[in-house]
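The next block holds one structure in the form of structure tokens; read it before the comments.
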Amino acid sequence: MSKVIKLKKGLDIKLNGKAKKVLVKSNEAKVCAIKPTDFLNITPRLTVKSDFVVKTGDVLFADKKNPRIVFTSPVSGIVKAINRGERRKLLEIVIQCDEKHEFKDFGKANVNSLKREDIVSKLLESGIWPSIIQRPYAIVADPGITPKAIFVSGFDSAPLGPDYEFVLNDRKDDLQTGFDCLKQLCGKNVNLGLKNTNSIFSNFKNIEINYFYGPHPAGNTGVQIHHISPINKGENVWTVNIQDVAMIGHLFNTGKYDPEKIIAITGSEIKKPAYVKTFTGASVKSLLDDNLKGECNERIILGNVLTGEKTNEEGYVGYYTNQISVIPEGNHYEFLGWMVPGFDRFSATKMFPSFLTPKKHYSLDTNFHGERRAFVISGQYEKVFPMDIYPVYLLKAMLAEDIDKMEQLGIYEVAPEDFALCEFVCTSKIPVQRIVRQGLNLVMKETN
Amino acid sequence: MNLLRNFLDKQKPKFEKGGKMYKLHSVFTGFESFLFVPDKTTDSGAHIRDAVDLKRTMIVVVLALMPALLFGMYNIGYQHFGGATEGFWTIFLYGFLKVLPLIIVSYVVGLGIEFAAAQIRGHEINEGFLVTGMLIPMIIPIEAPLWMVAVATAFAVIIGKEIFGGTGMNIWNPALLARAFFFFSYPSQMSGDAVWIADKTDVISGATPLANAAQGFLDKIPDTATMFWGFIPGSVGETSTFCILIGAIILLCSGVGNLRVMFSVFLGGFLMACLLHGLLPETNSYSHISALQHLVMGGFAFGAVFMATDPVSSAQTNVGKIIYGFLIGVMAILIRVLNPGYPEGMMLAILLMNTFAPLIDWFVVQSNIRRRMNRIKINVNN
């Protein structure tokens with residue numbers, strides 16, 4: 001039975017630069033890179049060196065702890081460079097693309113007739129496995145376990161988030177195969193979260209649809225899991241982005257690992273916000289070429305403005321990127337900024353006159369708007385946190401590194417992205433997502 | 001503005017690590033961030049941030065205090081001249097000049113300690129005192145000697161706040177702690193009939209309505225309307241319930257003040273007063289005071305709107321806030337009516353509930369934990 005969940009808590013931040021529903025062609029990327037830093041709880045061990053020739057789907061590196069989890073090349077070409085950071089940390093494996101577009105063949109297969117173990121092996125060897133994220137901890141899923149449920153969100157409620165119905169409009173076959181495959185993995189129908197009843201996603205088989213109405217973060221899988229099947233200690237739930245479900249389906253339908261995806265180019269500093277077809281690892285430059293307004297210093301973000309990762313024009317599309325946001329940097333002073341009325345400033349509180357114009361869209365920059373302080377205002381996080389969890393108490397337990405308390409207060413149910421709005425609204429400018437990540441890492445280290 | 005900015009940019013290196021004036025860096029950043037919102041950009045997590053900061057929040061509270069403060073100044077003059085015998089400006093100016101020294105002393109002493117504490121600990125100057133410094137002069141009698149105001153303020157900032165780690169870490173409302181310190185250390189300057197009216201020259205009694213009620217001088221209690229508008233003796237800011245309600249509206253509309261706390265304080269006080277009004281024997285003078293009168297007398301409204309709602313010292317959870325507020329209302333009236341020692345119960349009620357707020361929250365959070373643990377049990381049983 002599908003459930004209908006109406007969420008009141010949350011916040012929609014209305015920004016300028018929403019992507020128009022048109023697919024534009026981008027310049028073909030000549031170089032691409034895979035970034036081991038995209039993957040959480042993975043220690044990479046390289047299997048290629050500079051000048052190796054690779055096909056799409058060839059292994060680039062594997063996880064040291066679990067060598068079955070491999071990461072494969074998104075293009076065919078030559079390994080051009082292996083970039084390392086401090087203490088020789090592996091940052092990027094840069095590949096010069098060739099024109100041959102050669103694919104490694106993993107073999108077509110009918111998902112419904114395969115055994116679970118065969119499906120897992122195929123996902124692992126093709127390098128698609130890391131698209132499956134496990135909760136607790138929000139890390140790459142452990143192939144050795146069977147989750148109690150798999151959750152997929154059919155919509156992105158984050159600021160300027162991509163419209164997956166537009167993105168996946170002509171990939172219904174791949175999606176169906178993807179859902180079939182995921183059902184095999186957990187033995188139950190896949191939980192799909194939707195925001196309206198006439199969605200193109202509502203006619204698939206092997207899915208359990210639940211509806212979530214309300215502001216962001218209604219589209220976050222964390223919120224959806226919490227309301228449908230909350231995670232208790234010792235349980236595991238997997239989440240997969242819906243575009244990756246299509247990628248999984250494509251693997252079984254064609255036998256190829258195809259890292260192609262459509263991402264939304266958004267933000268107030270983009271001339272023509274729209275969708276582009278590209279692939280994992282493509283260079284950011286090839287996507288933004290000529291499309292930046294260039295009126296100010298820009299910040300280029302892989303992902304949305306709340307949870308994304310900062311990059312620059314020399315960066316590369318990440319494994320989990322479905323959106324690029326470009327907003328102005330806010331490195332400027334503001335004279336008596338805390339006192340002036342501030343008609344153009346957005347706040348979840350009503351301390352700025354902008355609350356009188358709720359429909360207005362803003363071009364927000366990256367200014368911190370204040371300085372870091374201790375927790376002072378109470379009740380602020382709760383307004384944007386639609387879960388039965390006390391966010392501030394959980395955060396304090398994390399800061400105190402009290403694992404028992406964290407367990408009691410619900411750490412297994414959360415991921416940093418669920419706290420993104422708390423971080424946004426925080427008067428004291430507390431680095432909430434970082435604290436949550438550190439808390440999760442600590443619990444993971446101490447309990448496993 | 002550019003001129004000022006250039007000047008600050010030029011001075012900045014001196015206060016940075018290794019500079020000559022490094023020791024004063026938190027004073028410098030304090031002033032700099034007062035003049036200019038810093039150019040700092042987001043470095044981790046969310047790339048955009050809400051425009052609100054603690055300065056903005058505090059300034060909204062100060063703004064909400066203004067109606068009560070300005071009326072308080074007028075009322076000081078009004079009480080001194082024994083009515084509107086002089087022109088408006090004469091009366092107001094008299095009160096203004098009486099109140100101003102209190103405000104200056106409170107801010108200078110409090111901010112001085114804040115600055116020094118920030119300097120010693122090497123952290124930034126917190127904005128919390130912007131409100132505390134305004135609250136202190138508003139809750140003490142006009143005739144309070146300035147040196148006592150200074151000592152009480154110092155006590156509140158050091159013992160009430162800094163030893164716990166500064167704004168956000170304190171257990172009690174610092175301004176109320178200043179008043180409590182005053183009340184118990186210098187009772188003769190804090191109560192009685194002589195302190196509420198500035199330079200009392202004539203023989204009219206200067207007792208507050210509450211003192212009159214406690215002593216049974218029921219005929220001396222002004223009618224409810226007068227008490228609501230505020231033309232009665234009392235602390236600077238507490239007399240006019242009307243002006244306090246304007247402040248409450250500002251706090252609630254801007255979302256700074258918490259409706260749950262405010263409402264439940266009034267509710268708790270009202271119900272308790274109704275109960276006592278019905279239960280007390282005729283011989284007790286308070287049995288003649290109605291519940292409505294209770295709410296407009298003394299510091300009840302001021303405490304409910306500006307003191308109980310302090311986000312740091314009140315309960316943190318939504319359910320906790322309702323319990324916390326309700327008990328403040330109940331306790332305030334209970335102390336007021338049944339304890340002959342203190343004519344006013346609001347201050348002690350709030351401080352008492354500040355102490356118990358973490359306990360209330362503990363029970364609320366514990367019930368959340370129990371829900372989560374029960375979920376596991378149900379799963380295991382299935």
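All of the numbers you see were taken from the coordinates with simple rules; none came from a lab. Keep in mind the model is a prediction, meaning the values are calculated, not measured. Cβ coordinates were reconstructed from backbone atoms using ideal geometry, including for glycine residues, and neighbour counts include every protein chain displayed.
Observations on the structure shown:
- Selection from segment B:215-227 of residues that are over 10 Å from B:Gly298 (Cα atoms) and buried (at least 21 other Cβ atoms within 10 Å of the Cβ): B:Ile221
- Which listed residue, of A:Tyr211, A:Tyr164, is of a type in the set (Ser, Thr, Tyr), under 26 Å from A:Phe424 (Cβ atoms), away from chain B (no Cβ under 14 Å) and surrounded by fewer than 22 Cβ atoms within 10 Å (Cβ to Cβ): A:Tyr211
- Within segment B:52-70, being at the interface with chain A (Cβ under 7 Å from one of its Cβ atoms) and either touching a residue at least 40 places away in the same chain (Cβ under 8 Å) or under 19 Å from A:Val326 (Cα atoms) (or both) holds for B:Leu54, B:Lys55, B:Thr57, B:Ile59, B:Val60.
- Search result, residues across segment A:382-427 that are within 11 Å of chain B (Cβ to nearest Cβ), charged (D, E, K, R) and under 21 Å from the mean Cα position of the chain (by Cα): A:Glu413, A:Glu417, A:Glu423
- Within segment B:119-150, being over 16 Å from the mean Cα position of the chain (by Cα) and either in a loop (DSSP other than H, G, I, E, B) or touching a residue at least 60 places away in the same chain (Cβ under 8 Å) (or both) holds for B:Gln119, B:Gly122, B:His123, B:Glu124, B:Ile125, B:Asn126, B:Ile142, B:Glu143, B:Ala144, B:Pro145.
- Members of segment B:329-356 found to be within 14 Å of another protein chain (Cβ to nearest Cβ) and surrounded by fewer than 24 Cβ atoms within 10 Å (Cβ to Cβ), listed by number: none
- Total residues in segment B:297-328, condition outside any loop (DSSP other than H, G, I, E, B), crowded, with 23+ Cβ neighbours inside 10 Å and of a type in the set (Val, Ile, Thr): 2
- Hey, B:Arg5 facing another protein chain (nearest Cβ under 10 Å), over 30 Å from A:Pro159 (Cβ atoms) and of a type in the set (Lys, Arg) or not: yes
- Filter result (closer than 29 Å to B:Gly166 by Cα, more than 7 Å from chain B (Cβ to nearest Cβ) and crowded, with 18+ Cβ neighbours inside 10 Å) within segment A:324-381: A:Gln380, A:Tyr381
- Residues satisfying the stated conditions in segment A:428-448, i.e. assigned to a loop (DSSP other than H, G, I, E, B) and either more than 9 Å from chain B (Cβ to nearest Cβ) or among the β-branched types (Val, Ile, Thr) (or both): A:Ile430, A:Asn448
- The residue that is surrounded by the fewest Cβ atoms within 10 Å (Cβ to Cβ), among those in segment B:8-42 that are part of a loop (DSSP other than H, G, I, E, B) and at the interface with chain A (Cβ under 8 Å from one of its Cβ atoms), is B:Asp39.
- The residues on offer are A:Ser363, A:Ser354, A:Ser286, and the sole one that is over 24 Å from A:Val240 (Cα atoms), without any contact (Cβ under 8 Å) to a residue 24 or more places away in the chain and among the small types (Gly, Ala, Ser) is A:Ser354.
- Only listed residue being free of Cβ contacts under 8 Å to residues at least 60 places away in the same chain and within 11 Å of chain B (Cβ to nearest Cβ), chosen from A:Lys310, A:Lys271, A:Lys293: A:Lys310
- Each residue in segment B:116-134 was checked for being out of contact with any Gly (no Cβ under 8 Å at 6 or more places or on another chain) and of a type outside the set (D, E, K, R), and 7 of them qualify.
Residue-by-condition table, conditions (1) under 23 Å from the mean Cα position of the chain (by Cα); (2) in a helix (DSSP H, G or I):
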site	(1), (2)
B:Ser44	no, no
B:Val52	yes, no
B:Phe71	yes, yes
B:Asn75	yes, yes
B:Gly83	no, no
B:Ile91	no, yes
B:Glu114	yes, yes
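- Residue count for segment A:395-419, restricted to those that are under 23 Å from A:Asn236 (Cβ atoms), part of a helix (DSSP H, G or I) and touching a residue at least 24 places away in the same chain (Cβ under 8 Å): 12.
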